[in-house]
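Notes to accompany the following structure.
What follows is calculated from the coordinates using simple rules that are stated; it is not laboratory data. Here the structure is a predicted model, which means the values were calculated and not measured. We place every Cβ from the backbone using ideal geometry, glycine too, and count neighbours over all the protein chains shown.
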Amino acid sequence: MTRNRMLALVAAWMLFAPLFASAESVDVQAKPLPAIQPGTILAKPAPQGWTHLVLFARPRLAAGDVDAAPDTAKRFAAMFSTAIVARVKEQSGQFQLDEVAMGLAMDIDGKQTIVDSNTAAALGGKLGLFGGRVLSAAEEALKEVKQIARYETMMLFDAKALVHHNNEHQEMLVRHLIWVSKKTGQLGAALWLQEPGDSGFQLAQDHFVVLPPTCVEDRVLHVDKTKFTLGVPGKTAFALERLPRGTEYAFTPALRATASLGTFTPAQVQELAVSFSQAVAQGPSRKLR
């Protein structure tokens, strides 16, 4: 996505900021993110029933002590991909962000198909004993993904993740901001990392990443051989090496004030939206990486 296109998208979103200023229009109650229906086949530009495939992340062990990982660990680490989808609706000539959902996909007959523990076998997924355990663990992680705030053109949600950060595998939060232009229906998505601090989570980096449309991520996982026991990887043996590739923008002081809040008031949600648009307007600090 070019800078001019991104600026136009954010500007179109912010043009309607007064329309969501009322407290009644902003939901700040934390709640689980919906799951994609099992059996959904992922496709570009979007699977059936959705308008956007926001992110499709295919994991692989490719950093750190990769040679220490047995072949079975490499295979199961790459068995399930993560998908984020969105549905944008038009009503009376204006667009709204109707729903955002996440799910786990695996290759079934050459098609990336959303599965869960109850449906994978019936859908044709070949799990085996260890594959079933890996899927169950991944499902539990998805259940922890929480919507933090939303209104009719924006959603903010958090996903816990083990990340290779400061030479360690650390539990962090990946905060997701998804928005849509009320005028054009174009959708944008941004991510940033948060690490544990003295009073909750705080920003872990000086920038956020804006994803390209229909982002397909080569999700590189870092391997720490010290987290293996008798050749078996522990829960913290694999970690994200980085955020998805995208365009980096620096946090402004105003955006820093709200970007890592654990809970929001409706006024703080609007402050986040305004400061986010201002940060993007300053231009990228780094192009697609």
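With +1 assigned to the C-beta of every Lys and Arg and -1 to the C-beta of every Asp and Glu, and no other charges, what is the dipole magnitude of the stretch 151-289 about the Cα centre in debye, to the nearest 20? Show your work: numbers first, answer last.
Working: 14 positive and 13 negative charges, 75 e Å.
Computed about the Cα centre, the dipole is about 360 debye.
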Practice problem: Taking every pair of alpha-carbon atoms in the chain, give the share separated by more than 24 Å as a whole percent. | Solution: 52
Quiz item: Sorted from fewest to most neighbouring beta carbons within 10 Å, what does the list Glu140, Glu195 look like?
Solution: Glu140, Glu195
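Taking only C-alpha pairs under 8 Å that are 6+ residues apart, what is the relative contact order of the chain in percent? Walk me through the intermediate numbers first.
Details: 622 pairs, mean separation 63.7, N = 289.
This gives 22 percent for the chain.
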Practice problem: Report, in degrees rounded to the nearest 10, the 0 to 90 angle that the Cα long axis of helix 128-143 makes with the longest principal axis of the chain. | Solution: 20
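Test of understanding: ordering Asp27, Asp224, Asp206 by Cβ neighbours within 10 Å, fewest first, what list do you get? Show your work: numbers first, answer last.
Numbers: Asp27 17, Asp224 21, Asp206 11.
Fewest-to-most Cβ neighbours within 10 Å comes out as Asp206, Asp27, Asp224.
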Exercise. Quick one: compute the contact order of the stretch 115-199, relative version, from alpha carbon pairs under 8 angstrom and 6+ residues apart, as a percent.
Key: 17
Practice problem: Working from Cα positions, state the angle (0 to 90°, nearest 10) between the long axis of helix 266-281 and the longest principal axis of the chain. | Solution: 90
Exercise. Subtracting the Cα-Cα distance from 0.36 nm times the residue separation, let me have the gained length for Glu171 to Gln268 in nm, one decimal.
Key: 32.3 nm
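Given +1 on the Cβ of Lys and Arg, -1 on the Cβ of Asp and Glu, and no further charges, what dipole in debye does the stretch 16-105 carry about its Cα centre, rounded to the nearest 20?
Numbers: 8 positive and 8 negative charges, 60 e Å.
Here the size comes out at about 280 debye.
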Exercise. Sort 157-167, 119-129 for me by packing, meaning the mean count of neighbouring Cβ atoms within 10 Å per residue, highest on top.
Key: 157-167, 119-129
Self-check item: Cross-link reach list, lysines versus Lys143, counting only Cα pairs under 29 Å and skipping chain neighbours closer than eight places
Solution: Lys31, Lys44, Lys74, Lys89, Lys111, Lys126, Lys160, Lys225, Lys227, Lys235
Quiz item: Once the Cβ-Cβ distance between Val216 and Asp65 is put in as r, and R0 is 35 Å, what FRET efficiency do you end up with, to the nearest 0.05?
Solution: 0.85
Self-check item: Student exercise, the chain dipole from Lys, Arg, Asp, Glu Cβ charges, in Debye to nearest 20
Solution: 640
Exercise. Could I have the simple spin-label model distance between Arg242 and Ser117, label points 7 Å from Cα toward Cβ, reported in nm to one decimal?
Key: 3.5
Quiz prompt | Gain in span if fully extended, Ile41 to Ser25, counting 0.36 nm per residue against the direct Cα distance | solution = 2.5 nm
